[in-house]
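The values are calculated or read from the model by the stated rules, or taken from the named source; none is laboratory data. As the structure is a computational prediction, the values presented were derived from the model and not from experiment. Quick reminder, even Gly has a Cβ in these numbers, built from the backbone with ideal geometry, and neighbours come from all protein chains shown. We work out accessible area using only protein heavy atoms, side chains counted, and drop any ligands, DNA or RNA first. Shrake-Rupley method; radii C 1.70, N 1.55, O 1.52, S 1.80 Å.
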Amino acid sequence: MDTGWILVERLDSAPLAKSCECRDIERVKNQWKAAGINPEKSKQTFGNFQVWNDYSQKSKDVATTYYKDFQNIRSSRRNSIMLCGQVGSGKTHLCIALALNFLNKNIKVVYMPYRDIITSIKQNMLDDEYYKNTVSKYQTSDVLLVDDLFKGKINDSDINIMFEILNYRYLNHLPIIVSTEFSVEKLLTFDEGIGSRIYEMCKDYIVEVDKGKDNNYRLR
Ligand SMILES: Nc1ncnc2c1ncn2[C@@H]1O[C@H](COP(=O)(O)OP(=O)(O)OP(=O)(O)O)[C@@H](O)[C@H]1O
Ligand SMILES: [Mg+2]
């Protein structure tokens, strides 16, 4: 069993127990806190997610099935999940619930609130090291949660940055959890390269919530 500890040999004394995995998890949890979500105190849990219409039922079913299937599909081509459509339908809530369950099992899920991150990457475009480190963080995490993909006006740099991140994950079979207000059809019109990769990865676990205020939990 992986205890999260490794033994480091020291010539002059007894082996020293040093945390490896646990320290990585701590680092990832601190990144979540920096983004305004405390993984230990979040209210966005499966337990708090009410089934109040057909879509909330379907979204919850797909998210929990994905969670149960994860260890079996983790390295496969279709190892990802996407919740899309209507604003306020609980997409982010379920994505965060999933992510925090994974974190509790020591799976490092990095949170990427799309709009904030894309803005800060573009603002720091000339800082090569910042760019490489940031992009690499999102490329290589165990799982990446992209929240609100393509929110706001999008241009070529947005597409290029997201392609760099998502194509790396696509090529290396690294799972993504995506929330977006856009349908698959619409994602394909923004950029077919990105849209079709996401679709292929998420194919088995996609929910598209129909647009309509009736499906907005905030307005129920
Ligand atoms: N079925 C539900 N049960 C309990 N709370 C819910 C449910 N659906 C949504 N909420 C709550 O309503 C608010 C809006 O949900 P959420 O942010 O997940 O929606 P969204 O689909 O991500 O919307 P947006 O497209 O605006 O990002 C959140 O506070 C969330 O916790
Ligand atoms: Mg959201």
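Does region 208-220 contain any residue that is of a type in the set (Lys, Arg) and closer than 23 Å to THR65 by Cα?
First, the residues of region 208-220 that are of a type in the set (Lys, Arg): 211, 213, 218, 220.
Narrowing the set further to residues that are closer than 23 Å to THR65 by Cα leaves none.
So far as region 208-220 goes, no, none of its residues is of a type in the set (Lys, Arg) and closer than 23 Å to THR65 by Cα.
Among TYR138, TYR111, which is within 13 Å of the chain's Cα centre (by Cα), within 16 Å of ligand 1 (Cβ to nearest atom), farther than 19 Å from ASP204 by Cα and buried (at least 16 other Cβ atoms within 10 Å of the Cβ)?
So the residue among TYR138, TYR111 that is within 13 Å of the chain's Cα centre (by Cα), within 16 Å of ligand 1 (Cβ to nearest atom), farther than 19 Å from ASP204 by Cα and buried (at least 16 other Cβ atoms within 10 Å of the Cβ) is TYR111.
Might you let me know whether region 54-61 holds any residue that is touching a Leu at 6+ places or on another chain (Cβ under 7 Å) and surrounded by 12 or more Cβ atoms within 10 Å (Cβ to Cβ)?
Yes, region 54-61 contains a residue that is touching a Leu at 6+ places or on another chain (Cβ under 7 Å) and surrounded by 12 or more Cβ atoms within 10 Å (Cβ to Cβ).
Name the pairs: first residue in region 84-111 and more than 17 Å from ASP61 (Cα to Cα), second residue within 13 Å of ligand 2 (Cβ to nearest atom) and among the basic types (Lys, Arg), Cβ to Cβ under 7 Å, at least 6 apart or on different chains?
Listed by first residue and then by second, the contacts come to GLY88/ARG218.
Any residue in region 168-196 that is closer than 20 Å to CYS95 by Cβ sitting within a Cβ distance under 6 Å of a residue that is hydroxyl-bearing (Ser, Thr, Tyr) and within 16 Å of ligand 2 (Cβ to nearest atom)? List the pairs, counting only those 6 or more apart or interchain.
Between residues of region 168-196 that are closer than 20 Å to CYS95 by Cβ and residues that are hydroxyl-bearing (Ser, Thr, Tyr) and within 16 Å of ligand 2 (Cβ to nearest atom), the close pairs are SER179/THR92.
Going through region 141-153 one residue at a time, which ones are exposed (fewer than 15 other Cβ atoms within 10 Å of the Cβ) and touching a residue at least 12 places away in the same chain (Cβ under 8 Å)?
GLY152
One line per residue, one yes/no per condition, for (1) over 20 Å from TYR111 (Cα atoms); (2) within 16 Å of ligand 2 (Cβ to nearest atom):
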| site | (1), (2) |
| --- | --- |
| TRP32 | no, yes |
| ILE37 | no, yes |
| GLN50 | yes, no |
| TYR55 | yes, yes |
| LYS58 | yes, no |
| THR64 | no, no |
| VAL87 | no, yes |
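Looking only at residues that are under 15 Å from CYS202 (Cα atoms) and open to solvent by 10 Å² or more (accessible area, probe 1.4 Å) in region 73-108, which one is nearest to ligand 1 (Cβ to nearest atom)?
Across region 73-108, the extreme among qualifying residues is LYS91.
If you go through region 45-53 one residue at a time, do you hit one that is out of contact with any Pro (no Cβ under 8 Å at 6 or more places or on another chain), more than 11 Å from ligand 1 (Cβ to nearest atom) and free of Cβ contacts under 8 Å to residues at least 12 places away in the same chain? If you could, list the steps in order and put the result at the bottom.
At the first step, the residues of region 45-53 found to be out of contact with any Pro (no Cβ under 8 Å at 6 or more places or on another chain) are 45-53.
Remaining after also requiring more than 11 Å from ligand 1 (Cβ to nearest atom): none.
The answer is no, given that none of the residues of region 45-53 is out of contact with any Pro (no Cβ under 8 Å at 6 or more places or on another chain), more than 11 Å from ligand 1 (Cβ to nearest atom) and free of Cβ contacts under 8 Å to residues at least 12 places away in the same chain.
Restricting to strands (runs of 3 or more DSSP E) lying wholly in region 16-128: which have 2 or more residues that are at pLDDT 95 or above?
Once the strands (runs of 3 or more DSSP E) in region 16-128 are filtered for at least 2 residues that are at pLDDT 95 or above, what remains is 81-85, 109-113.
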